[in-house]
Every structure is written in C-alpha cells, then in structure tokens.
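Report on one structure; see the data block that follows.
Bear in mind that the values in this text are calculations on the coordinates, not laboratory data. Every value quoted in this text rests on a predicted model; they were computed, and no experiment measured them. Virtual Cβ from ideal backbone geometry, glycine too; neighbours counted across all protein chains shown.
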Protein chains: 2
Amino acid sequence: MASTLLCRQLAVNLQQNLRLSAPSYRCISKAATKSSPDLEFDGPSMKTEVPGPRSRELTEQLDKIQNTGAINFFCNYEESRGNYLVDVDGNRMLDLYTQISSIPIGYNHPALLKVMQNPQNLSAFVNRPALGILPPENFPGNLLDALLSIAPKGLRKVQTMACGSCSNENAYKAIFIWYRNKERGNMKPTKEDLDSCLINQAPGCPEFSILSFMGGFHGRTLGCLATTHSKAMHKLDVTTFDWPIAPFPRLRYPLEEFVRENAQEEARCLEEVEDLIVKYRKKGKMVAGIVVEPIQSEGGDNHASTDFFKKLRDIAKKHGCVFHVDEVQTGGGGTGKFWAHEHWGMDDPADIVSFSKKMLTGGYFHKDELTPAEPYRIFNTWMGDPSKNLLLNEVLNVIRTENLLDEVSRAGKVLMDGLYDFQARYPHLLSAARGQGTFLAIDVTDEATRNNLIIKARNKGVVLGGCGERSIRFRPTLVFKQHHAHVFLNIFNDILAEYK
Amino acid sequence: MASTLLCRQLAVNLQQNLRLSAPSYRCISKAATKSSPDLEFDGPSMKTEVPGPRSRELTEQLDKIQNTGAINFFCNYEESRGNYLVDVDGNRMLDLYTQISSIPIGYNHPALLKVMQNPQNLSAFVNRPALGILPPENFPGNLLDALLSIAPKGLRKVQTMACGSCSNENAYKAIFIWYRNKERGNMKPTKEDLDSCLINQAPGCPEFSILSFMGGFHGRTLGCLATTHSKAMHKLDVTTFDWPIAPFPRLRYPLEEFVRENAQEEARCLEEVEDLIVKYRKKGKMVAGIVVEPIQSEGGDNHASTDFFKKLRDIAKKHGCVFHVDEVQTGGGGTGKFWAHEHWGMDDPADIVSFSKKMLTGGYFHKDELTPAEPYRIFNTWMGDPSKNLLLNEVLNVIRTENLLDEVSRAGKVLMDGLYDFQARYPHLLSAARGQGTFLAIDVTDEATRNNLIIKARNKGVVLGGCGERSIRFRPTLVFKQHHAHVFLNIFNDILAEYK
C-alpha cells in the first residue's frame, strides 16, 4: 500500500508541475491554491466523454442482471482520492455529489485506510455479530466515543441500524409503541392486544399515522414510503397507508428579502398541520408522530425558517405527537453544524433524530422514554454493523482534529458567493441559490436544462446531482476546501458562458 | 496477525495435550476426533457462569444507551475461532446458533482474514458507493462470480440490499410494480396514477396485498411486519396492513410416520390459501404475491412437504400471484443444499428468492419480468455493500473447495441421530426432532423448560437458540463437522441426565 501511495504522490507532483504551465483553469475571484500538500489530485482530468467506452461496456454487462437506467458511470474507487472520483475510463472528476451525500471525508482517506490496516480491527469486519444479543466487548464504549459524542441535545439513547430506511422504519415503530403505551396508561398489553396483533388486527395493531410533508423524502421501504412525497416514480404502484400529508412551505429566496411573504406561507402550512392532526384523530388514525427534514433534500432543497420549525415542534408537543427530525441527508456536518437542526438553536429540538449516509451506519437518537420497556420490540439480526461504527469513530476524529466544520463554513461561503454571482449574471437561467455550509442548491429554468448542465459539468470534470424538479444540489465532502470551490466555479463559469 | 495466529496455534496444541489427560468429554457413539488440524479450539472451556461478571458490567453500561433485555452476553470476537465463540469472561462455547444463523464459515476464517489483508480490497471497505448510480468496476463481475453462480433455478436477475428486511421490502415492491403493470396491460401510468401516488391515494397506490402464513417471519420493517406472524412482541402496537394470513401446516413428526394425517393438514391449509385469494380479491385487495419460508424458522422450525410447496406454487400460478420464497434464514447451505427449496426438486420453484444472514449481503433473485422497466423504482442510496459481496465471494470459494455442503449432510446426520436418540430416551421431555442437514430442531415440553435447557447448555459451553414457543433450533456454521456434533451431543447428554 505504501508503495502505491508513494507512486501516487509522485504522480501528483508531476501533475502539479504540468499544471503550472497549463493555463486551463481560470478563477473568478482568486487562484485555485491548496492550503496544504496532501495526496489528493489538484484538478479534474478528462480523457473521454462520461460515461466512456468502458463504463458503457460494463453497463451492458450489468444490464443483464439489473435495471441500469440510473447508472451514471462505473468508478475506479482504488484510484479515487479526497474530493476526486476517478472513473473506469481514467476520467478524474471533482465530486460535489459524493455518492448521494454519503462520503464524509473523501475517497480513500488515509485515516480510514489506517483503520483497515490495523490487525486489531480485522475481526470487526469478518465477524458480523447479532448486536442485539451478542455484542462485542467494545460496543458500549464505541457508542459512547463515537455516536453519543455527537448526540443531539436532549437525546441520550441511540439505536444503530443498517441503513436510512431501516432507521426510519424502526423510529416509526418506536413512535407507535410509545404512543400506544401512553394510551394504555403504561398498563401491560391485554391478551386481546397480543392475539389480535398476530393477525394484523386492532386493538393489537392500532391504526396510527405519521404526519409527513409534501416534497419530503424518508426512504423507500413500505413504512418510510408512506411518508415520502418527492417523486412519483418512488411511490407508483406501491400499496401504502392513508396518513396525513401537510404542505411544506414553498419559500422565496433569498430568505432575508422575503421575510413577510415567507412567514405567511409558513403560517399557512402550520395551520394545515394542526388541521390534519385533528382531522385524522376524528378518522380514528391518531397522529403518533410528525417526521420532517431540516432541509427537504431529495424533494428540491426546500428550506424553512427557524421560526417554522420551532412552531412545528410546539404543535407536536401540544398534540402529544413524537417529533422526529430526519437528518439522514442533512446530518454529519455538511451544513456547517454537525446536525442541521442545530441551526434552530433550540433547547429541545427533537424526540428522535435519525441518520445514515455520511454517518456510515444508519440509526436514530431518541429520548429516554422512546426506549421500549420490553426486549425484541426494536430488533433485527444485525442491528447495524460494528465495522461501520469503527470507521465512523475515525471519521469523527478527523472532523475534530482538522476542524472540518469550520472548513465547511469557509468553503461554503466561497461556493455560495459564486452561486450568487452566477445567478446575478444569468438571471434567465439560474435562481434561488440557497443553503447552509456547503449544503447548497440552485434552481435552473427547467428540468431539461438542469439535466443538461449536470451532464456538461460531468464532461468537464465535475460531478453534480439534481434534486426536486429543476434544482442542482451541492453535497461535497467535509474535506472540500475553498480551493475546491474555486475549481468548480471556474469550470461552471465556462459552461454558463455557453448560455449567454 | 501472523504472530497472533502462531500464538494461538501453540495454545491449541497445548490444550490438545491437556485434553488428552482430561476425561471430561464422553461420547455417545464415538470419540470426538478432528479430521484435520486447524486453528480451531478442540472443545469448550468454561470459567464463569454466562453471562459472567464482565458481561454483566458491560450490559449495565449498554443499558444506559439501549434496552438490553435481549443481550445474552458480550463476546470477544478477536479470540473466537471456527465454531467456537469466546466471551468477554474467557468462556469458550461451541456455537450452534451462530449470531441467529448468520455466520457461514465460522469465526475468523483464515480465508476471510486474507481478503481483509489484501491491499487491493481495502478500497471496497472505506469507499461505500451508491451502487445504483456509481458502481465499482468489478461489480458486474463479482455478481456473476458470486451471487449468480448460486442463483436458484430460473432466476437470472439479482438485486443486493443491506439486510433481510430491506430485501423483502423491495421484493414486495417489485411484486406490486409487476402486478400493477400487468393490470395496466403494460401501458404507461396515467397522470392520475402519478399524481395520486404522491398523496398515498389510489389509483397510483393500489390496495394490493401479500399473502403470508401464520407462524411466518419475514422481517420487522412495516411492510415485512405485515407478513410476519411468529411472536406478538414483534408486532404489538405497530400499524399494519389488512393482508391475508393463511394457516401453515402443523405437521406431526417424524414426517414419514404421519404421511396421511399430514397430507390432510396440508390440504386444509392450501384450501384456505385459495379461499383467501378469492376473499381478498372480492374485498378489492388483490393478492399480488405469496411469501413463504421453506422452513418456518423463527416461528418454530415448522416444515411442510414437497407436495405442499408444489401445490402452493401451482396456486400462485393459477391466480397470477408472484411466488416469493424467503430464504433469509434457510439459504446459504445449512439444509445440505445451498437453497432449502432445492429439496423440492422443482423446475420452476419460485419467482423471487430473498436472502441475507449467512449470505453476508441482503438481496433477492428474481425472474426477468420482475425487473421494473424504469430506473429508481427499486433503489436506495447504498443498495447493498460491495465489501460484503467481496467476503461472500470468498465464502462461496471455501464452500466449494472444502465441499462444505457434503460436510453439512454428514454432520447433520450425526446431530439428527443424536436427537432421535435423546427423544427416544427422554420422551417426557423431548419430541419432534426434525430438519434437513444441520438445520435441525427439537421440541421441549414447555417454554420454561426449553429456556432452562438453553441456559444450562450455555453454562456447559454450548450456545443454542430457541424458536417458536418451545423449540430449540440448531443453526451451526457450514464448518461444523461430525466431531463438533459429538461435542454437543456429549454435553447435552450430561444435561439431560439431570431430567431423568
């Protein structure tokens, strides 16, 4: 491994020398310089269109096994480094999408490779335990060192799960169990409860509901999907629950210029939330919980004000609903704070906070009272994966040691200033630049133009992702620095010039 | 690592020498000998009650973070080897439960450690891709080499997922999508379909159902849970679907002695299946699929005859329902064939076969026509984990190279003969020994006695698991050999003597 890294360092040095004589990158505000030498590449390098011939060949192979309609291209993860994703045709791209926002500290981070090279850690990778019955010795300690060190305010319990959907599914179950227990006055379930639940009938299986928002995304398993309302193709033809769906505020950006209009819009949505809670109660489908993303991500990077979330949290309390903040995409530092809900500045922001993606393991934090009294109620074979906890622990060390959240804020400012500049210069094309930290988005005139921009950017060496109907979302790693923002802005500037 | 293994080998040798002078193990039929020298221990070694003081201390720590009611004890996975699980108090136990049937070739198998030590593989562990959009170069090849090399008859497509529940959830979605597409006559969805599905309404979200069986277990997320009917505590208080639930045959064992009675019981259940399909069709809840385990595992190791499954498969065809065989627990070799449904000897056994546990990755095989035509319909961020595919590939190599399925049959015969002997000698205590390969079970008089037996066995160095109301299930690894069966039988023989 050491020799591979050495070869790569030599290659990088060589490239830097070449770069000095190549005037291909121009910068809007200042030169794209790097603050410290590392093993990362210093810019994109494109050899073919993307997907290139090798990617297309592999897509054909895979198409015999799976639907490949969503495949962008095939990757060479061994050669990828930091913010640069290398594909199988030798193209090297600056990655601002990061596997749908799930690479925390870049590709092949040396600290993570070191975790893998430590013989003491191997056992965690080859012996996956049934964590709920036979955990490894270091499990409680690792939870304390890693996950609980970043627990949201007021939440001292955590349950790991294998992915984001499983996290939300189990959080919903914990919500139902808590709610029914409250209804039963903490009494033990009756024989009728126990018998009827086995055959999917009330009273054992009550008709509860989770209130969610239009445009929200909470996963694609059947329970989660009942609260997901971002794109029709996610939900089409799948049997679901009749659960209440409230409108999510459709704000005008920049937020500071439309304070009054936005406040009205938010008030309208909050009123609808309360109406729905009452309406579903009358229908006999008690709203046991409210689930919401701090920023609707898949649905189009839709923001709401701190005031909105405070009032929503109050409504949940008033009506005895669990308040579940889904930070699967927003969590892990991209907004400049570890959890996006920290921007609300509340003392008691949530009863449940679910996570996955950049956290490497799925799971959810929760209030003490949301721990079921009985075992096996929140349970499955694996209940997460200690090998992911191990890697997460190291990710958190790197975030702290390198003050990455400050870096995110700095790089985010450069990126945001660039987006503001673009939308000022191309108002017919771009609008509504918005976001926090590097968790940013901008709207494009229409879906087709947005998709074209993404493809053009890719062919110039930048990986971007779409969201909503016509937005581009920016989801770089936490090691995305100011100079990376400049690399992106220069390339995008060139692309936009074609739209003058 | 090499030095650790060397130390361990020395320790094993030392132990073998000690063992020769220790007469503690007696054997029912023949001496517990090992066929070949390996790095495994040669017997249990107990130092404390289980859970011991260190396990109890760690349980107290973990209890501040999670419900610990299901924790058996804490493990030292680094020191565990082959069929022997070592706990944090230095107790070494022969493991016949294997993390709820999910350790395929034993703890710390050298072949798996080697995978981890190969620098070329590290990247797969630290760069988890979004497989649905940006797969690694070796992804199609690995699917072909590993998963598709063991694809059930007639199934040429495979979709990986993170766990068993996600596998079944997505299989159910694929079933619904296929069924609705058929209803629509392969036409594109209408605008009304697309609009209504976003708000959880028909026609976009049709009211389909999956028929399942009493006693079945298919996972604990909301969709899966609607088809799980093994224990009340899994389902209590969780909102669910009104889906049809058929009786699963309650057979008398040994099967060959009760052929006529069992055939009648199976006919009764099959009749009920057809009645339910018709009844739910009339209710407007078309039965889009039937899900069944080849052996109901969590529900109590309930078997049915090949004839039952053939007729059930025919009913599915007759009524246009997808036939989904859930091999999450039965798959991977424990029954002596790679898939339990192979024992049926059918040409077209299933439309979908889901897997997880011993397969290390979740997922499901399916017929070509169950691939949705559009991308993003079966999709999530990770869609499995290539690092698990890598380990699975090596597991399959070991299974083939070491002819482990033959070993399973041989060891299973010793185990089964022992169980038959026990139930003949303790008819007031044990009954209904049953199973295939090493995938065996036996019934105990009542739940309390079953639980006591399991605790006593643990304190004598054998890890067992319960299932159903009063059964013990045997789920050893695929490297569980005849001599391991003898070790277990000797210990259990001693325990049973107390019940004379």
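Brief remarks on what is shown
- FRET E, pair B:D406, A:R281, Förster distance 51 Å, beta-carbon r, rounded to 0.05: 0.25
- Once the Cβ-Cβ distance of A:E192 and B:M233 is raised to the sixth power relative to R0 = 22 Å, the FRET efficiency obtained is 0.90.
- For the range A:28-172, the fraction of alpha-carbon pairs in successive 5 Å shells from zero, as %: 2, 7, 11, 14, 15, 14, 14, 12, 8, 3, 0, 0
- Compactness of chain A - radius of gyration and Dmax, Cα, Å: 23.6, 80
- nm² value of the averaged projected area, convex hull over the Cα atoms of the range B:129-230: 8.9
- Global geometry of the range A:126-180, whether rounded, prolate or oblate, following the gyration tensor of its Cα atoms and the 1.5 cut on a/c: oblate
- Computed [θ] at 222 nm, deg cm²/dmol, the protein assembly as shown (DSSP H ≥ 4; -39,500 (n - 2.57); rounded to nearest 500): -12500 deg cm²/dmol
- Diffusion coefficient (Stokes-Einstein, Kirkwood radius over C-alpha pairs, 10 °C, 1.306 mPa s) for the range B:226-335: 105 µm²/s, rounded to a whole number.
- 37 °C / 0.692 mPa s Stokes-Einstein diffusion coefficient of the range B:302-428, Kirkwood radius on C-alpha pairs, µm²/s: 190
- To the nearest ten degrees, helix A:259-282 and the longest principal axis of the Cα atoms of chain A are 40 degrees apart.
- What the Cβ-Cβ distance of B:K310 and A:D145 gives, at R0 = 51 Å and to the nearest 0.05, is a FRET efficiency of 0.40.
- Within the shell of other residues whose beta carbon sits under 11 angstrom from the beta carbon of B:A340, the net charge comes to -3, with Lys and Arg scored +1 and Asp and Glu -1.
- Scattering from the range A:267-306 was approximated by placing one identical point on each alpha carbon and applying the Debye formula without solvent; log10 I(q)/I(0) at 0.24, 0.25, 0.26 1/Å stands at -0.88, -0.90, -0.93.
- Positive contributions from Lys and Arg (+1) and negative ones from Asp and Glu (-1), summed over other residues with Cβ under 12 Å from the Cβ of B:D385, come out at +3.
- Degrees between helix A:447-459 axis and first principal axis of chain A (Cα, 0 to 90, nearest 10): 50
- Listed by chain and number, the lysines placed with their C-alpha closer than 22 angstrom to that of A:K317 are A:K153, A:K157, A:K173, A:K182, A:K279, A:K282, A:K283, A:K285, A:K367; residues fewer than eight positions away on the same chain are left out.
- Separation of the A:N397 and A:D242 label points, Cα + 7 Å toward Cβ, nm: 5.5
- Kirkwood Rh (inverse of mean 1/r, distinct Cα pairs), the range A:378-500, angstrom: 16.0
- Computed label-point distance, nm, for sites B:K153 and B:F258 using a 7 Å Cα→Cβ extension: 2.8
- Dividing the Cα radius of gyration of the protein assembly as shown by its Kirkwood radius returns 0.96 for Rg/Rh.
- Fully extended contour minus Cα-Cα distance, from B:R268 to B:K182, at 0.36 nm per residue: 27.9 nm
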